[in-house]
Structure formats: structure tokens, C-alpha cells
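Scroll down for the structure; my scribbles are underneath it.
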Amino acid sequence: MAKQDDQFKKVISHAKEYGYIFQSSEIYDGLSAVYDYAQNGAELKKNIRDYWWKAMVQMNENIVGIDAAILMHPTTWKASGHVDAFNDPLIDNKDSKKRYRADVLVEDYCLKIEAKIEKEVKKAAKRFGDAFNKEEFVSTNGRVVGYQEKIDTILARLGKSLENEDLADVKALIEELEIADPVSGSKNWTEVKQFNLMFGTKLGASADTAMDLYLRPETAQGIFVNFLNVQKTGRMKIPFGIAQTGKAFRNEIVARQFIFRQREFEQMEMQFFVKPGTQKEWYEAWKENRMKWHLSLGMGADNYRFHDHEKLAHYADAAADIEFKFPFGFKELEGIHSRTDFDLKAHEKHSGKKLQYFDHEAKESYVPYVVETSIGLDRMFLAIFSNSLVDETLEDGSERTVLRLPAVLAPTKAAVLPLIKRDGLPEIARKIMDDLKFDFNVIYDEKDAVGRRYRRQDAAGTPFCITVDHDTLEDNMVTIRHRDTMEQQRVKIEDVRSIIMKEVDMRAWLMKM
Ligand code: GAP
């Protein structure tokens with residue numbers, strides 16, 4: 001646990017030191033759970049967004065993208081159920097005065113049991129060596145089976161209590177498990193209460209005519225209310241999808257874990273409209289498709305897993321998360337939800353307008369069912385950033401910190417480095433920059449010894465360094481150094497662009513899906 005905490009602290013400080021993420025309003029001591037993306041962070045975030053958008057919109061002829069407003073008519077949120085049901089169960093500790101999400105306290109308790117399982121697995125793997133069969137071990141080892149049963153029983157009870165709004169039982173569960181305040185160790189808890197997560201605001205100048213609005217807590221509703229406009233103007237035939245990226249706002253009770261849980265964040269959502277009765281097959285297809293997208297980035301299949309929901313949201317008939325192994329353990333990265341016809345029907349009812357699709361072949365109208373994929377852009381950022389940050393011991397015993405970002409997403413693709421600041425080398429370096437900048441973000445760096453400059457670019461995540469030396473004056477060639485392997489290649493200046501392009505072109509990465 002301490003090792004995980006250290007790694008996470010390192011991620012946060014590296015993100016600041018290398019211009020990726022700053023605390024919002026830092027000069028005023030910051031605003032809790034709100035962050036600013038710095039010069040490199042904004043580029044990485046944009047590249048992740050583009051990678052998602054291309055995979056969704058450009059690669060699928062039956063998916064189109066929109067950009068709806070953050071502010072929506074307030075009835076939207078009544079219809080969607082957010083006014084009545086977008087709550088988290090909160091609990092306060094009477095001694096420390098700290099506030100927690102009651103369900104998260106229980107889930108964290110289960111994570112600790114899960115860590116014990118992992119420890120047993122590691123021990124056994126060491127003992128049995130090559131003959132070790134993990135699946136067999138976890139299904140037959142008495143201690144591990146016992147741990148797993150305990151987790152399942154606790155989560156099933158939590159799910160049931162939340163579904164039945166039985167908050168007294170959630171408190172009883174916390175007490176039975178003897179869960180203590182992680183800060184003070186106190187077990188002196190208040191009752192569990194519901195807390196609505198939407199931020200309110202007002203539209204209009206005068207107090208008596210102002211209209212109460214909400215900042216959207218999800219981007220999805222902007223898609224639902226535009227469903228028929230897009231279908232008609234885009235002549236879309238079911239099945240078809242509408243994609244969108246944009247800000248969402250939630251007044252999270254427990255905002256911690258850096259950009260994992262923020263009060264202002266960005267979502268990348270896609271609503272796929274299908275014929276009623278076909279939702280199950282589309283739900284499975286989108287689960288598979290989204291996992292392929294993740295795996296195409298090459299961050300290791302072991303870092304992902306599916307988690308089927310015990311407690312379904314008010315709009316869903318099936319739901320699963322894609323979880324990622326963050327520095328603090330496996331946690332939700334993306335949700336895939338079969339949302340039925342709940343939203344469209346609710347908007348029909350509240351607006352009095354029909355939101356139906358006319359199927360020309362079947363000659364019938366119906367309200368489509370929806371399968372949604374919903375991923376937090378900031379969480380994806382954290383997954384990539386934390387997974388990429390590694391400390392390495394090199395063959396000569398020296399250490400280096402390297403940010404192994406997938407090259408396609410790296411904010412800066414190459415650094416151009418004249419070996420020294422004279423003899424015409426800077427001029428050649430500048431000429432190379434001027435050519436490459438039409439295709440990629442490139443930077444110029446002439447300060448310090450070249451070895452230090454390499455290390456600086458490794459830590460910033462730049463996949464290529466291009467060094468101009470005295471031989472360049474004679475042979476028109478430069479050295480390309482690859483960040484991950486540290487391999488150095490002597491190449492013609494005219495070939496530099498295509499060598500970089502081969503590694504960073506989105507086309508090649510998307511083809512891995
Ligand atoms: N439209 C469905 C929906 O919003 P959700 O599971 O509440 O579903 C989807 O959110 C995704 O949005 C999550 O999987 C997560 O990646 C991201 N997300 C949710 N709350 C967040 C928060 N407070 N901070 C950062 N990302 C968040």
C-alpha cells in the first residue's frame with residue numbers, strides 16, 4: 001500500500017513538474033478537486049480526445065458527433081431522473097468531522113481483502129514456479145475462496161441496500177465490518193444520508209425572474225434531446241450512434257485521488273440507438289469494441305478488466321465498467337450501459353413531443369433503445385500518464401525516469417538538439433524544426449549537455465530526439481534517438497519526417513483495433 005501511495009505521489013508531482021497538470025487557482029491555495037491542464041497536459045488531453053473521436057466518428061459511418069451546450073432546460077434533469085435520483089450516500093465521522101461516501105468506505109474495505117488475495121497468489125506463484133495455474137489456485141485454495149466469498153457477500157448486501165434505499169442497513173454494514181475513519185481511526189459515525197450531486201446555477205439578471213438551472217452532470221442528455229434532430233437532418237438509419245465530448249460537473253462528496261474524481265471533468269460519450277429487443281447483442285458488441293480501443297494503445301491487457309454492475313442505475317437493464325489498474329488499484333475507467341428506452345420516453349413525457357423513429361422497412365414507429373459508452377477523459381489521461389511513468393536502472397547502473405506515453409498521444413513528438421550552440425549547428429536544427437512543424441509538435445533545445453537534454457525529453461515523454469552534430473555539416477545526416485529503447489540511428493535529414501510519422505500516425509494505431 002505504501003509503495004502504491006509513493007508511486008501515486010510521484011505521478012502527481014511529475015505531472016506538475018513537467019507541465020501536465022496544475023492545481024486550479026493555486027495562488028489562492030487551490031480549489032478542491034478542480035485541476036488545470038498545463039501546456040503538455042492540454043496537448044495530451046487533446047490527443048486522447050482525437051483518438052477517441054476518430055475511433056468513434058471517423059471510423060464508423062453510422063456514428064456522427066455533436067457538441068451540445070452545457071446549460072440545458074431544467075426539465076431535462078427532471079426527466080432524466082437526476083433531480084430525484086442522482087444522489088450519493090454520505091456519512092460523516094462525528095470525531096474527525098470528515099465526510100465520506102458510505103459505499104466507497106465499504107468498497108475500500110473489500111479492496112483490502114482483494115489485496116490479501118493478490119498476496120496469496122503472488123506467494124503461490126513463487127512457490128509453484130512455472131507449474132502455477134492462477135485460475136485453478138483462486139478457485140480451490142481455501143483461504144482465497146473464503147476471502148472472495150466475503151467480498152461477494154458484502155458487495156451483494158451493499159448493492160441490495162442501495163437499491164432499496166435502505167440507508168440504515170448501509171450504516172449497519174459499516175458498523176458490523178468495524179470500518180474506521182481512514183484519517184482518525186474513529187468508528188463514531190452519523191446516519192447515512194442522500195446527497196444530490198448536481199451543481200445549481202441561475203439564468204437571468206433579476207432575483208425574482210431568474211430561472212434555476214443545473215450544470216450538466218453528464219453529456220448524454222444533450223444527445224438524447226437532439227436525437228430526432230440528428231436522425232432527420234443526418235438521414236440516419238437505426239442502428240446509429242451520436243458521439244460527444246465535453247465538460248460535466250458533479251459536486252462530489254469525496255473528491256480525492258487527483259484527477260480521478262473531480263468536480264469539473266470531461267466525458268467522451270456515445271449513445272447508440274437500436275431496435276428494441278436487439279440491445280443485448282449491441283451491449284456485448286460495444287463492450288468488445290471499447291476494450292479493443294483500450295488495448296490498441298498497448299498498455300497491457302493485464303491492466304484492464306470488466307466489472308459487471310451489482311446495482312444498476314435507474315436507467316439501465318445491464319451495465320459494466322472497464323476497470324483499469326490505477327496506482328491505487330483497479331477502478332472504473334469507462335462505463336458501458338444498456339439504457340433501455342428510459343431517457344427518450346422520459347423526454348417524450350416531459351416535453352410532450354414525440355421522439356420516435358419511423359422504420360421504413362417494417363413500416364412502424366418506435367422509441368429506440370440505447371446502448372451507451374461513457375468514458376472520463378481525465379481518467380483516461382490518468383490511466384495513460386500513471387502507466388507510462390517508470391523509473392529504470394540502465395545497464396551502466398545509472399537511473400532514468402521515462403514517461404513512456406504511446407507515441408501517438410505524446411504532446412511533443414520530437415526535440416531537435418544541436419550538439420553545440422555554434423558552428424552552424426543551430427541553423428540546421430532550426431531548418432529541421434521549420435520543416436517538421438507542419439506535421440508535428442516539435443521543440444528546440446540547446447541548453448546543457450546532450451545527455452541531460454535526452455533525460456529531460458525522456459521524462460517529458462517526447463518519443464524522439466534529433467541531434468545535429470558536426471558530421472551533419474558534411475553528410476546531411478542526423479542522429480535519431482528513440483525514447484523507449486534509447487537506440488540511436490543515423491539517418492538522412494530528408495528521412496526524419498517519415499521515420500517519425502511511422503510511429504505517431506493515428507492510422508497505424510487505429511488499425512490495431
Ligand atoms: N452518461 C453515463 C455516465 O455519466 P458515469 O458512470 O456516471 O456514467 C461515466 O460516468 C464516466 O465518467 C466514468 O466511467 C468516469 O470515467 C467519468 N467520471 C464520472 N465521474 C467523474 C468525476 N467526478 N471525475 C472524473 N471522471 C468522472
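The values are calculated or read from the model by the stated rules, or taken from the named source; none is laboratory data. On a predicted model such as this, the values are computed, not experimentally measured, just so you know. When we count neighbours, we look across all protein chains shown, and the Cβ atoms used for this are built from the backbone with ideal geometry, even at glycine.
Things to note:
Residues checked against (1) buried (at least 18 other Cβ atoms within 10 Å of the Cβ); (2) among the aromatic types (Phe, Trp, Tyr); (3) within 11 Å of the ligand (Cβ to nearest atom); (4) assigned to a loop (DSSP other than H, G, I, E, B):
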{"position": "Glu269", "(1), (2), (3), (4)": "yes, no, yes, no"}
{"position": "Pro276", "(1), (2), (3), (4)": "no, no, no, yes"}
{"position": "Trp282", "(1), (2), (3), (4)": "yes, yes, no, no"}
{"position": "Glu288", "(1), (2), (3), (4)": "no, no, no, no"}
{"position": "Trp293", "(1), (2), (3), (4)": "yes, yes, no, no"}
{"position": "Leu297", "(1), (2), (3), (4)": "yes, no, no, yes"}
{"position": "Asp302", "(1), (2), (3), (4)": "no, no, no, no"}
{"position": "Phe306", "(1), (2), (3), (4)": "no, yes, no, no"}
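- Only one of the numbered conditions (1) assigned to a loop (DSSP other than H, G, I, E, B); (2) touching a Phe, Trp or Tyr at 6+ places or on another chain (Cβ under 6 Å); (3) of a type outside the set (A, V, I, L, M, F, W, C) is not met by Arg256, and that is (2).
- Flag if Lys232 is outside any loop (DSSP other than H, G, I, E, B) and modelled with pLDDT under 95: no
- Yes/no for Ser186 being among the small types (Gly, Ala, Ser) and closer than 25 Å to Arg261 by Cβ: yes
- Considering region 204-223, and only residues there that are away from the ligand (no atom under 13 Å from the Cβ) and surrounded by 12 or more Cβ atoms within 10 Å (Cβ to Cβ), the residue that is nearest to the chain's Cα centre (by Cα) turns out to be Tyr214.
- Restricted to region 324-412, the set of strands (runs of 3 or more DSSP E) holding at least 3 residues that are more than 30 Å from Leu297 (Cα to Cα) and away from the ligand (no atom under 16 Å from the Cβ) comprises 357-359, 364-366.
- Leading residue by the ranking (nearest to Val496 (Cα to Cα)) among those in region 457-476 that are in contact with a strand residue (DSSP E or B) (Cβ under 6 Å, 6 or more places away or on another chain) and part of a helix (DSSP H, G or I): Thr472
- Candidates Ile480, Ile443, Ile432, Ile428: the one that is in a strand (DSSP E or B) and in contact (Cβ under 8 Å) with a residue 24 or more places away in the chain is Ile443.
- So Ala313, is it within 11 Å of the ligand (Cβ to nearest atom), surrounded by fewer than 20 Cβ atoms within 10 Å (Cβ to Cβ) and in contact (Cβ under 8 Å) with a residue 24 or more places away in the chain: yes
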